[in-house]
Amino acid sequence: MLEWFSRLADFLIVEQLGLSRDDRLGGALHFFVEDTSKIFVLLVVMIYLIALARASLRVERVRDYLAGRNRYLGYGLGSAFGAITPFCSCSSIPLFLGFTSAGIPIGITMSFLLTSPLINEVAIVLLAGLLGWKFTLVYVVVGMSVGMLGGLFLDSIRAERLLQAFARKAFDNASAPAAVDNIIENSGQNDSLTLSARHRFAMDELTDILSRVWKWVFIGVGVGAALHGFVPEGWIEQHLGDGQWWSVPAAVALGIPLYANATGVIPVMESLITQGLPVGTTLAFCMSTVAASFPEFILLKQVMQWRLLAILFVLLLVSFTLVGWLFNGLSGLGFL
């Protein structure tokens, strides 16, 4: 099936425009058409199917469920919920406030907040289609591990003390035993949805997600196409490091001023790997761009004090650097 997208690009770029795939412009445009068409087909089909399965899931119900769970189990549940919700880092923040107001421990909430922008069903589908299931599995395990370990660390330092006053007050009020018992007592089962209602939900979900990510698809594929067509083969590997220790923290630092969601950054990831950038360095750069960008931290300042923001920022940078070093090492040993 994937050959259809290559044939479509051949028809439009080679046959209709008369360009060669070996030329810089032709190669870039061919990459853009092939990957854009592939990504949008994957998005439409998979978002709709996954939304059908998620039709009965309600954020409030998950929040209420987490409020009464064991904290250590909660890290995994919070991270897993983050992985199946299609939110970017900025749109996850209202849910962060909802979780905090429910009295859920800050570490569980942060497990969700850290994992949500890194992993979602869209990212998984695109990674599997572009880079294969082996790389996709690695990415998912790493993203969830960062979320869970980050949540554990933030709970250990009692990070709720460093929330803004209104958020801390909401957390303290909801954390009282009576409040938590009331949440659990009132978390009833949702009525089963009819097939027609599930279809409407799936279509709404599809429309909503596409309206938010389509521009990132074009931007991400456009950047990837430029790298693919106009950057000479081996140039990135030669200038950005062939696995040297400094290349990973440099890539993490380079991603901080940028902002993209997981959908837009994956085509860039594909191009960087194709151009010869080590897989760990690529992973560190893309995770930094998605989860440690300035726009996200500007929004988080509304609910966190500067000290907590600084702790979270350093935690992410260290985590992504360690991840990059680890996977460069695994790649060098032939495990990836």
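The numbers here are math on the coordinates, done by the rules we state, and not lab data. In this text, all values refer to a predicted model and were calculated from it rather than measured experimentally. Counting neighbours? That spans all protein chains shown, and the Cβs are built from the backbone with ideal geometry, glycine included.
Listing 246, 133, 214 from fewest to most neighbouring C-beta atoms within 10 Å gives 246, 133, 214. Of all lysines in the structure, those lying under 26 Å Cα to Cα from residue 169, and not within fewer than 8 positions of it along the same chain, are 301.
Evaluate E = 1/(1 + (r/R0)^6) for residue 310 and residue 73, where r is the Cβ-Cβ distance and R0 equals 25 Å; express this FRET efficiency to the nearest 0.05. About 0.30, to the nearest 0.05. Of all lysines in the structure, the ones whose alpha carbon falls short of 21 Å from that of residue 215, not counting any fewer than 8 places away in one chain, are 38. As a proxy for reagent exposure, 4, 325, 306 were ordered by neighbouring Cβ count within 10 angstrom, fewest first; the result is 306, 4, 325.
The calculated FRET efficiency for residue 218 paired with residue 153, based on their beta-carbon distance and R0 = 35 Å, is about 0.40.
Modelled spin labels at residue 230 and residue 161, positioned 7 Å past Cα toward Cβ, are 5.2 nm from each other. Here the simple spin-label model places points 7 Å from the Cα toward Cβ, and for residue 8 and residue 204 these points are separated by 2.9 nm. Near the amide H of residue 304, within less than 5 Å, lie the amide hydrogens of 164, all on another chain or at least 5 residues away, with H placed in the peptide plane.
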